[in-house]
Amino acid sequence: MKDQQATTTTPAVSRRQFLKTSSLAAATAAAAVSFPAVVRAQARPTLNAVIIGIGGRGGGAGNDFLEAAKIVGVEARIVAVADIFPDQARRGHQHFGLPEDKCFSGFDAYLKALEQPGVNYAILAAPPGFRPAHFKACVERGVHVFMEKPVAVDGPGCRIMYAAGEEAQRKGLKVAAGTQRRHQASYIETIKRIWDGAIGDITALRAYWVNGGPIWHRGDRGNTDLEKQIHNWYHYIWLCGDHIVEQHVHNIDVCNWIMKDHPIRAWGMGARQQLGDKSGEIWDNFAVEFEYRNGVRMHSYCGQIKRSWASVSEAVVGTRGTADPAGLIRPAGDKPIRVRPEGRNPYVQEHVDLIEAIVKGTELNETKNVTDSTLTAIMGREAAYSGAAVQWDDILNSNFKYGPELVYTDCSKMTWGPFRTLKPPMPGIHDIFKNPPSVPTV
Ligand SMILES: NC(=O)c1ccc[n+]([C@@H]2O[C@H](COP(=O)([O-])OP(=O)(O)OC[C@H]3O[C@@H](n4cnc5c(N)ncnc54)[C@H](O)[C@@H]3O)[C@@H](O)[C@H]2O)c1
């Protein structure tokens with residue numbers, strides 16, 4: 001689970017729980033958790049979950065969901081899985097003991113899984129480019145959602161997310177996102193103290209995801225261009241959004257959370273420096289400055305560069321000190337204060353929070369937050385790709401779609417056909433407004 005890397009202050013108990021519960025390899029063969037007497041007496045709903053995209057995270061999130069249901073005391077099971085590739089879909093059988101006819105594959109697999117009787121909980125963990133279509137389908141069918149970040153790769157995808165999020169709200173559906181720091185006790189408590197004035201007024205923020213090292217590449221697998229791209233989805237903007245969106249969204253999200261807002265413009269730089277001749281379109285480093293509407297700036301750095309200094313963290317500068325929102329406050333002229341409240345593994349806690357909201361009927365819809373942070377990262381990416389200053393409203397309202405039209409309208413109708421690749425973006429030439437690149441068709 002690549003996003004696991006983080007400089008967090010997760011308590012020891014949580015870490016142990018995480019190791020025990022979050023790896024697919026350690027998955028329990030039983031796909032159901034049962035709490036007969038007490039819970040049934042309270043007439044709680046049984047959660048019938050589907051996993052859409054059962055790769056590393058989809059499998060881990062399935063375990064986290066079952067663990068969370070146990071904690072809340074709700075009957076829960078995974079009733080079907082969907083993946084584009086049959087061998088991946090079979091992981092539902094191997095790891096969750098599902099019958100093979102409940103392990104659906106193909107572009108329309110998500111619809112077949114959602115059609116299973118009683119489905120009321122979906123775990124969305126396919127590549128981000130498909131998230132808007134998958135999320136919209138869940139909302140249309142009245143299903144509660146846990147969805148991984150990021151939730152789109154461009155403005156049109158984000159607009160689908162905002163609209164579906166509002167529809168989920170109208171329908172009383174609960175939605176949690178995989179920006180797990182928002183469910184991590186040390187972050188929650190430190191940010192509360194920042195809001196309460198522990199470091200005075202915020203004057204600047206910094207977000208780092210440097211340097212995870214080179215990103216994985218699964219080799220040249222598949223018979224068609226499209227198949228090859230989906231196997232190596234990280235390397236294609238229409239599927240992944242590039243790593244400023246795919247990974248760094250976590251740190252950007254923490255800054256937006258602290259600011260209770262999103263930036264309104266961005267400018268920056270970056271390059272495809274070490275990926276060299278490897279197939280794909282993405283870059284391997286970005287440095288972007290974001291400006292919030294109150295004038296505060298957030299400096300963002302992310303890279304996938306070999307053998308360089310590494311930090312996955314955020315920092316806040318205030319008029320009376322600084323803070324590391326993962327759990328450290330440094331009041332000016334005073335001793336640093338470590339913030340280490342007891343808390344669960346956030347990957348389990350995010351499902352606990354979602355399940356409790358479903359059971360108790362309380363408010364939980366993280367669609368807007370995660371879409372705001374996704375769009376923030378997209379704005380930063382476009383600023384760096386183009387070399388121009390980019391405005392929030394322009395990105396939000398942009399009509400340029402990185403993916404083929406069907407991804408936005410009905411991805412279940414896609415077929416394995418010939419497919420085009422974009423050239424890696426070049427500043428001064430790339431401009432989705434004035435000089436839109438030609439996009440793939442299927
Ligand atoms: N919150 C976190 O810490 C965290 C950690 C890891 C990954 N993630 C996120 O989870 C998502 C998946 O990442 P991963 O590491 O599991 O990748 P992965 O490649 O291991 O898994 C993705 C799966 O989706 C399948 N897939 C592709 N297109 C599909 C489609 N149209 N319909 C159904 N299935 C499809 C793939 O075959 C694969 O099995 C990404 O959005 C990633 O950012 C989040």
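Take A49 and tell me if it is within 12 Å of the ligand (Cβ to nearest atom) and more than 17 Å from the chain's Cα centre (by Cα).
It is false that A49 is within 12 Å of the ligand (Cβ to nearest atom) and more than 17 Å from the chain's Cα centre (by Cα).
Would you confirm whether any residue within region 222-234 is within 22 Å of E314 (Cα to Cα) and β-branched (V, I, T)?
Looking for residues that are within 22 Å of E314 (Cα to Cα) and β-branched (V, I, T), one finds none in region 222-234, hence no.
Just wondering, is there one or more residues in region 172-182 that are open to solvent by 10 Å² or more (accessible area, probe 1.4 Å), within 16 Å of the ligand (Cβ to nearest atom) and either in a strand (DSSP E or B) or β-branched (V, I, T) (or both)?
no
Every residue, every condition in (1) in contact with a strand residue (DSSP E or B) (Cβ under 7 Å, 6 or more places away or on another chain); (2) of a type in the set (V, I, T); (3) buried (at least 19 other Cβ atoms within 10 Å of the Cβ), yes or no:
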position: C255; (1), (2), (3): yes, no, yes
position: M269; (1), (2), (3): yes, no, no
position: Q273; (1), (2), (3): yes, no, no
position: D277; (1), (2), (3): no, no, no
position: G280; (1), (2), (3): no, no, yes
position: F286; (1), (2), (3): yes, no, yes
position: E291; (1), (2), (3): yes, no, no
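Looking only at region 98-113, filter to residues that are of a type in the set (G, A, S) and surrounded by 20 or more Cβ atoms within 10 Å (Cβ to Cβ); which one of those is nearest to the ligand (Cβ to nearest atom)?
Taking the candidates together, the pick is A109.
Listed here are the residues, each with its yes/no results for (1) within 21 Å of the chain's Cα centre (by Cα); (2) not hydrophobic (A, V, I, L, M, F, W, C).
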{"residue": "G53", "(1), (2)": "yes, yes"}
{"residue": "N63", "(1), (2)": "yes, yes"}
{"residue": "G73", "(1), (2)": "no, yes"}
{"residue": "D83", "(1), (2)": "yes, yes"}
{"residue": "Q88", "(1), (2)": "yes, yes"}
{"residue": "S105", "(1), (2)": "no, yes"}
{"residue": "Y110", "(1), (2)": "yes, yes"}
{"residue": "V119", "(1), (2)": "no, no"}
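From the residues in region 52-97 that are out of contact with any Ser or Thr (no Cβ under 6 Å at 6 or more places or on another chain), farther than 21 Å from F107 by Cβ and in a loop (DSSP other than H, G, I, E, B), which one is farthest from the ligand (Cβ to nearest atom)?
By that ranking, first place goes to G73.
Of all residues in region 406-422, which are within 15 Å of Y236 (Cβ to Cβ) and among the basic types (K, R)?
The one that is within 15 Å of Y236 (Cβ to Cβ) and among the basic types (K, R): R420.
For region 208-226, state whether one or more residues are near the ligand (Cβ under 10 Å from one of its atoms) and assigned by TED's automatic domain parsing to the domain that holds V312.
Yes, there is a match, as at least one residue in region 208-226 is near the ligand (Cβ under 10 Å from one of its atoms) and assigned by TED's automatic domain parsing to the domain that holds V312.
Only one of (1) farther than 30 Å from A109 by Cα; (2) in contact with a Gly (Cβ under 7 Å, 6 or more places away or on another chain) fails for D393. Which number is that?
Evaluating D393 over (1) farther than 30 Å from A109 by Cα; (2) in contact with a Gly (Cβ under 7 Å, 6 or more places away or on another chain) leaves (2) as the failure.
Testing G142 on (1) in contact with a Leu (Cβ under 8 Å, 6 or more places away or on another chain); (2) open to solvent by 10 Å² or more (accessible area, probe 1.4 Å); (3) in a loop (DSSP other than H, G, I, E, B); (4) farther than 24 Å from T46 by Cβ, one condition comes back false. Which one is that?
(4) is the only condition that G142 fails.
Got a number for residues in region 184-211 being closer than 26 Å to T371 by Cβ and touching a strand residue (DSSP E or B) at 6+ places or on another chain (Cβ under 8 Å)?
Counting residues in region 184-211 that are closer than 26 Å to T371 by Cβ and touching a strand residue (DSSP E or B) at 6+ places or on another chain (Cβ under 8 Å) gives 10.
Under the condition of being in a helix (DSSP H, G or I) and either without any contact (Cβ under 8 Å) to a residue 12 or more places away in the chain or within 9 Å of the ligand (Cβ to nearest atom) (or both), which residue from region 114-137 is surrounded by the most Cβ atoms within 10 Å (Cβ to Cβ)?
R131
If we keep just the residues of region 293-313 that are of a type outside the set (A, V, I, L, M) and closer than 17 Å to G200 by Cα, which is most open to solvent (accessible area, probe 1.4 Å)?
Within region 293-313, the match that is most open to solvent (accessible area, probe 1.4 Å) is N294.
The values are calculated or read from the model by the stated rules, or taken from the named source; none is laboratory data. This is a predicted model, so every value here is computed, not measured. Quick reminder, even Gly has a Cβ in these numbers, built from the backbone with ideal geometry, and neighbours come from all protein chains shown. Accessible surface is based on the protein model in full, side chains and every heavy atom, while ligands, DNA and RNA are left aside. Shrake-Rupley method; radii C 1.70, N 1.55, O 1.52, S 1.80 Å.
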